[in-house]
Amino acid sequence: MNSSISREELQESLETRTVEHTHDEAANSMFGFIVFLLSESIIFLSFFAGYIVYKTTTPDWLPPGVEGLEVREPAINTVILVSSSFVIYFAELALKRHNMWGFRLLWSTTMAMGSYFLYGQAVEWSSLHFSVTSGVFGGMFYLLTGFHGLHVFTGVVLQLIMLVRSLIPGNYDQGHFGVDATSLFWHFVDVIWIILFFLIYIWQ
């Protein structure tokens, strides 16, 4: 009898430790991802600092023949990108409520909004009258917007991967770290763009 109880207690202990280990693994993964985002933040902050220093100390900041940047279209793209943060948040809520069709619809909408932002940026680049070699401003403009655009593209690709994974039955039943991390990355990208928008387009 005692031997039987001991085996049951041992099995229960092992199951408890397994659950705790799984929880810790997910928490550690998220912590590692947050550290990654912090390292990305440092890179962007160094770019921001460089932009501010160059703008405030460089004579003839804008390239010859350029009086300023068009704000209207970038502002529309900004509204679309920032709004996508709310859409992806509701997509997460739908997933937590096991509403897979709602999740897929909202998640796909976020992808479409991010893709439209990239399209809008490409259109803007094609209409500009300066290049990356047009002085310090040209180099900083394409560096900042291009590096951010690369992050937006990465976010859209990650969203596509998560969407495909949602088509696998039961794939998200045991957890959805990938969705949470992708959503956090997307919020990060949106916040970075808000800062960029004010630095480049508003502060002219």
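The values are calculated or read from the model by the stated rules, or taken from the named source; none is laboratory data. Since this is a predicted model, take the numbers as computed values, not measurements. Positions of Cβ are backbone-derived with ideal geometry, glycine not excepted, and every protein chain shown enters the neighbour counts. Accessible surface is based on the protein model in full, side chains and every heavy atom, while ligands, DNA and RNA are left aside. Shrake-Rupley method; radii C 1.70, N 1.55, O 1.52, S 1.80 Å.
Worth a mention:
- Scanning segment 143-161 finds no residues that are more than 22 Å from the chain's Cα centre (by Cα) and of a type in the set (A, V, I, L, M, F, W, C).
- For segment 177-189, the criterion of being part of a helix (DSSP H, G or I), surrounded by fewer than 20 Cβ atoms within 10 Å (Cβ to Cβ) and of a type in the set (D, E, K, R) is met by at least one residue.
- Residue in segment 158-174 that is within 14 Å of Ser84 (Cβ to Cβ), crowded, with 19+ Cβ neighbours inside 10 Å and in contact (Cβ under 8 Å) with a residue 12 or more places away in the chain present: yes
- Scanning segment 45-80 for residues that are of a type in the set (A, V, I, L, M), in a helix (DSSP H, G or I) and open to solvent by less than 60 Å² (accessible area, probe 1.4 Å) returns Ala49, Ala75, Ile80.
- Test: residue in segment 119-134 that is acidic (Asp, Glu), without any contact (Cβ under 8 Å) to a residue 24 or more places away in the chain and either open to solvent by 20 Å² or more (accessible area, probe 1.4 Å) or closer than 26 Å to Ile42 by Cα (or both): no
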